[in-house]
Amino acid sequence: MYENSKLILDSSNAPEAGDFTWRSPSNIAIVKYWGKHGDQLPRNPSFSFTLSASFTDMLLEFEFRENYDNEIDLEFYFHQEPNAAFHAKMVKFLERLIPIYPFLPQLSLKVYSGNSFPHSAGIASSASAMSALALCLCSLEDHLFGTLKDPAEFDQKASFIARLGSGSACRSIFPHASVWGTTSALAGSSDLFGISAEGWLHDTFKDFHDDILIVSKEEKKVSSRAGHALMEGNPYAEARYTQARARLSNLSEALQMGDLPAFGKIAEDEALSLHALMMCSNPSYMLMRPNSLAIIEKIRNYREDTGHQVYFTLDAGPNIHVLYPGTIVQEVRTFIESDLKQYCENEYYIQDWVGEGPEEV
Ligand code: PMV
């Protein structure tokens, strides 16, 4: 959709060296994207809250290369150190972007990236990192060619590019909440990019918390990429995609009504459906750990005993996201400290909340 052979430099428009920095957050899906086709297109629409405390800071430096070839020229530093694995991933991604950004091989690029959460905290950083990179690239495009002056066009292109890097990253571009994937529940939604779902949020969900309990910091044994691929042979796949579509439209109603119990039921059902799909893939696998289950049970008992509206969700991993409204922060933090923290690796958890989206720094 964005292929553009005109985005090319020559000696008449050769730029001075420069740089851009973006801080971009992670997000937590409530209706999950699980299963894809074609060029990173989702099998079903998804909804996520944009987080705040879990983010990537990325600095992109560029300099015009007098003599360039068709290769990407990139240096990459993660927390000030060269990182061969991330470097290779990023070069591959930038190569894929050449039809959209034919000027990329004309520049020497340096990327300095770092996360707010400790490295290997068991939190996927692909959403925050890929959205930060996409935002840096869109700033670069606009600087070089003046083509992204309109903020809505800027966000849409950044989301499109982020999606090519990591599907869920396309939802991190927007403040508070986003939907990715075509759904009749939200006008303008698309499989190609995320859009804002802020209009769905009742005040209850604008001040909303997600404390992330780190059950295990270990790298997961089956990557999301492999997990998506296994959906292709999963006997429940079609039923799952139908279920996710229905849940998304029910979720939109719950969010607009400020209906916490309806929201919480969908959030928990979605998390367990995601993990059930993993268990009945072929080969079968399991990412939840015994401590994940212990925490889930504690949360359900706490809700029943106190009436406090606390719910859970999981990403593709063992860690538990504790979801609750801002009105009960004190109570829930006390509960986490006294009853849940002991199930976390080194008692580590991250206090996070629904945030304002990426910012250029
Ligand atoms: O964006 P990916 O390819 O890392 O897949 C993410 C999938 C989930 O995190 C499990 C769900 C989601 O919608 O974010």
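The values are calculated or read from the model by the stated rules, or taken from the named source; none is laboratory data. Values in this document were obtained by computation on a predicted structure and should not be read as measured data. Quick reminder, even Gly has a Cβ in these numbers, built from the backbone with ideal geometry, and neighbours come from all protein chains shown. Side chains are part of the model used for accessible areas, which takes the heavy atoms of the whole protein and leaves out ligands, DNA and RNA. Shrake-Rupley method; radii C 1.70, N 1.55, O 1.52, S 1.80 Å.
Report yes if Ile100 is within 16 Å of the ligand (Cβ to nearest atom) and open to solvent by less than 40 Å² (accessible area, probe 1.4 Å), otherwise no. Answer is no for this residue. If you filter region 197-240 down to residues that are open to solvent by 60 Å² or more (accessible area, probe 1.4 Å) and aliphatic (A, V, I, L, M), you find that the one that is farthest from Pro325 (Cα to Cα) is Ala229. Exactly one residue out of Ser11, Ser48, Ser108 is more than 25 Å from Ser196 (Cα to Cα), touching a Lys or Arg at 6+ places or on another chain (Cβ under 6 Å) and among the polar types (S, T, N, Q), and it is Ser108.
Say whether the condition of being touching a Cys at 6+ places or on another chain (Cβ under 6 Å) and in the same structural domain as Tyr241 (by TED's automatic domain parsing) is met by at least one residue in region 191-213.
Yes.
For Gly146, the conditions (1) within 16 Å of the ligand (Cβ to nearest atom); (2) surrounded by fewer than 19 Cβ atoms within 10 Å (Cβ to Cβ) are fulfilled apart from (1). If you go through region 34-51, how many residues are in a loop (DSSP other than H, G, I, E, B), within 12 Å of the ligand (Cβ to nearest atom) and not hydrophobic (A, V, I, L, M, F, W, C)? The qualifying residues number 5. The residue of region 20-33 that is farthest from the ligand (Cβ to nearest atom), among those that are of a type outside the set (Val, Ile, Thr) and either open to solvent by less than 20 Å² (accessible area, probe 1.4 Å) or touching a Leu at 6+ places or on another chain (Cβ under 6 Å) (or both), is Phe20. Among the residues of region 264-321, the ones that are among the aliphatic types (A, V, I, L, M), surrounded by fewer than 18 Cβ atoms within 10 Å (Cβ to Cβ) and within 16 Å of the ligand (Cβ to nearest atom) come to 4 in all. Being in a helix (DSSP H, G or I) and in contact (Cβ under 8 Å) with a residue 12 or more places away in the chain is a condition met by no residue of region 307-319.
Suppose the filter is more than 18 Å from Ile28 (Cβ to Cβ), outside the structural domain of Ser46 (by TED's automatic domain parsing) and modelled with pLDDT of 95 or more; does Ala246 pass it? Against the criterion (more than 18 Å from Ile28 (Cβ to Cβ), outside the structural domain of Ser46 (by TED's automatic domain parsing) and modelled with pLDDT of 95 or more), Ala246 qualifies. Taking first residues from region 337-361 that are in a helix (DSSP H, G or I) and partners that are open to solvent by 70 Å² or more (accessible area, probe 1.4 Å), the Cβ contacts under 8 Å between residues at least 6 apart in sequence or on separate chains come to Lys341/Glu347.
Residues in region 150-169: is at least one modelled with pLDDT of 95 or more, of a type in the set (Lys, Arg) and surrounded by fewer than 22 Cβ atoms within 10 Å (Cβ to Cβ)? The answer is no; no qualifying residue exists.
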